[in-house]
Every structure is written in structure tokens, then in C-alpha cells.
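Colleague: A single structure is presented below for examination.
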Amino acid sequence: MGHFGAWLNGRTDGKKSIPSKDAAEHSPYEKRLAQTAKENIKRAAQRWEDEDKELKGKYCDAKREYIDALRCLNRERKEHGLASKAYTDALGIKRESSTYPHLSLMAYRLLIGFIAIGEMPLTAIVFDILGEARLLTYVFAAVLCVVLPTSAHFLGVIIREEFNKKKGVIFAINLLIFVGVLVAIAYMREKFFEASDFQKVLGVQMDPTVATIVFILIQAFIFTVATTASYFAHDPHPNLKRSLKEFDDAKRRLEKESKDTIEAEERVNKAAEILTKVTALREGTFKRYKYVTEEVKAIHERVIEVYRTHNLRKRSDTPISFSNYPIIEIPKSLQVLDEDCGLTDDLEGESFEGKDS
């Protein structure tokens, strides 16, 4: 099949006027060359088709995953957009649903906590005279340290909001109970002072009644400060609770959608990376096989050209069949890379905001 064979067959056939001048059919030698080329190309195409069964399967799986990931990302982006708008709206409503109290919630909590802690030693010494164990003494004291600031908190809230009969009753009950507890504690403090060495402070003799009045004033002052702090920290706007709940719900939803969107983006990036690698491998393999078949065809056509050149040198006419080459077809599978994965119908009507596969 080499050039020497083409030279020899061309000279031999030329002497015999093969093919004849009017013959449209190619010479037997050219037919044999064409048949050999077809067989070699067919074998190469078969090897490609066998190899491509696995390659195309991986390609279609990667493409399907990439498309699914893109669809998921688009859905998440839409959901994130809706959640972001809902969050912005809820934030606006929250800002409109507030009277912006003078004392921040954080400052108020710190102040109430400080007052509750400060109440502990003032109250604990009262229960010492009951003769109870130290642990029980501090349990009693701790209860009052929680209950009194809590009472002051609710009184401040009642004063801050619009007054009505029911709230007036609650306010009166709280105030009366506080005064009663205050008087009881004061009485017990007086007895404590009478029975202890605390009657002398810095060398100055103190009357138990005076000391009791001082403690009452201190306790009343602390309660007043706690109530005032509650008043200035409370926001009485009627829509505040609802707006805060809606804002918290919108915030949680936005955080969830943000997390889902990030995960969807990571999925798309991973799918795109896999698809790129699989596509590159498949395209590279396809080009290699395509080059082989095209080279086989070109080589055989060059050999035919050598045959014709030496054939014509031994004759005075030119056969009609020399006006074209014998047909050497390259299979369709090696002409254009088949990228159809049966996803056309699935893609119809879709638009993606990202890299196309």
C-alpha cells in the first residue's frame, strides 16, 4: 500500500490503459486502497464508540448534575431574594414600631442585675436572726433579691403603658405588698440591730430605730431606681411585640436561605469542576480518534495520487474516474461529538444565572 506499490501499480495499469478513458468507475487498485481505508476507519470508529459508552455516561451524569445544581441555585437565589426583601420590610416595620426608650435593654439588664446582687447582703443579714442555716439564709435572701427587682420591673412597665382599671389594681397590689415586705424586713432589721454589735458604727452609738429608717430609705431608693429604670427601658409601642416576632422570623429565614444559597453555589462549583474535567477528557479522546481517521483517509488519498501520477505517465489520455477520489466516509460518530444527553425537554423554558455547560 506504500508509495512503491502505488508507483508500481500505477505504471503497470497505465501501460494497460486501466482504467479506460471513459470509465467512471475507479480502478481495482484504487478500490482496494479505499476499502482498506474504510476498514481501518471503521475499526477506529468502533474503538471510539466502545470507549465513548463510558465517557458519554460520565459526561451526561456530570451535565445532569450541573443542570440540577444550577436549577437548585436559581431556586435558592429567588428564595434568598424574597427572604432578603421580607427581612428589609420587617426591619423597617420594627424601626417604625418603637418609641426608642431612653435606656437601652442592655444597660437596663446590667442595672437590674447590679441591684439584685446589691440586695443580697442587705437582705441576708435579716435572716440571720431566724437562726437558720447559712445556706437557707441565702436562699431566703436570693428570693427577695429576685422578687423585688421583678416587682419594680412590672410596676415600671405598668406606669409606662396606658393606664386602665385592671393595671391600676395590679399596680396597687404590687405597691402594697412591697410596702408590707419592706416594713416586715425593716422590723426584722431593727431586731437584728438590737441583738447585735452593729449598734456601734465607727464608734458612734446608733439607735436601732434610726438604723431601721435608714435601711427603709435605702430599700425604697433602690426600688424607686429599679422602677424608674424599667419605665425608661420599656417600649410601649402597641406593634412592637408583633414587629419583633416578624423581624426575628424574617432574620431566621434569611439566615437559612443564605446558608442554603451558599451550599447551592458550592454544589454548582463542584459540579462545574467535574463537568469541565469530564468534558475535556471526552473531547480530547474524540479529537484523537478523529485525527486518526482523517489521517488514514488523507494517507490513502496521497497514495492514490501517487498511483495516478505514475499511471498518467504511461498513457496519453486522462480517465474520467481520476476527476474524483473513491468515497472514503468517516462515520458520523467521528464527524461531530455527540453531546445529546436527552436533556433538551428538561431544559425547555429554563434560564440559568450562571455558567452554561
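Every number in this text was worked out from the coordinates using simple rules, so none of it is lab data. Since we're looking at a predicted model, the values are computed, not measured. Please note: Cβ atoms are built from the backbone with ideal geometry, for glycine as well, and neighbour counts cover all protein chains shown.
Colleague: Under 14 Å from a label point 7 Å along Cα→Cβ of S98: give me every residue in the stretch 212-245 with its amide N that close.
Modeller: 233-245
Colleague: Kindly rank 149-158, 178-187, 245-254 from highest to lowest mean number of other beta carbons found within 10 Å of each residue.
Modeller: Result, highest mean Cβ count within 10 Å first: 149-158, 245-254, 178-187.
Colleague: Something else about it: Points 7 angstrom from Cα along the Cβ direction at A107 and E273: gap in nanometres?
Modeller: Result for the modelled spin labels: 5.1 nm.
Colleague: Separate question: What is the distance in Å between the Cα centroid of the stretch 14-55 and that of the stretch 269-291?
Modeller: 31 Å
Colleague: Hey, what do the phi angles of the stretch 283-290 turn into as Karplus ³J(HN,Hα) couplings, whole Hz, using 6.51/-1.76/1.60 and θ = phi - 60°, x for Gly and Pro?
Modeller: So the Karplus estimates, Gly and Pro as x, are 5, x, 5, 4, 4, 5, 5, 5 Hz.
Colleague: Report the FRET efficiency, 1/(1 + (r/R0)^6), for R43 and E255, where r is their Cβ-Cβ distance and R0 is 51 Å, rounded to 0.05.
Modeller: Values: r = 60 Å, r/R0 = 1.18.
With R0 = 51 Å, the Cβ-Cβ based efficiency is 0.25.
Colleague: Run the reach check for K241 against lysines, Cα to Cα strictly under 18 Å, same-chain hits fewer than 8 apart removed. What comes back?
Modeller: K94, K251
Colleague: Given R₀ = 45 Å, FRET efficiency for D61-A24 by Cβ-Cβ distance, to 0.05?
Modeller: That pair, D61 with A24, gives E of 0.35.
Colleague: Taking R0 as 45 Å, what FRET efficiency do you get between K53 and K16 from their Cβ-Cβ distance, rounded to the nearest 0.05?
Modeller: Values: r = 49 Å, r/R0 = 1.08.
Once rounded, the FRET efficiency stands at 0.40.
Colleague: Cross-link partners among lysines for K58, C-alpha distance below 16 Å, same-chain residues fewer than 8 apart left out?
Modeller: K270, K277
Colleague: Near K38, which lysines are there with a Cα under 22 Å away, not counting those fewer than 8 places off in the same chain?
Modeller: The qualifying lysines are K287, K290, K297, K332.
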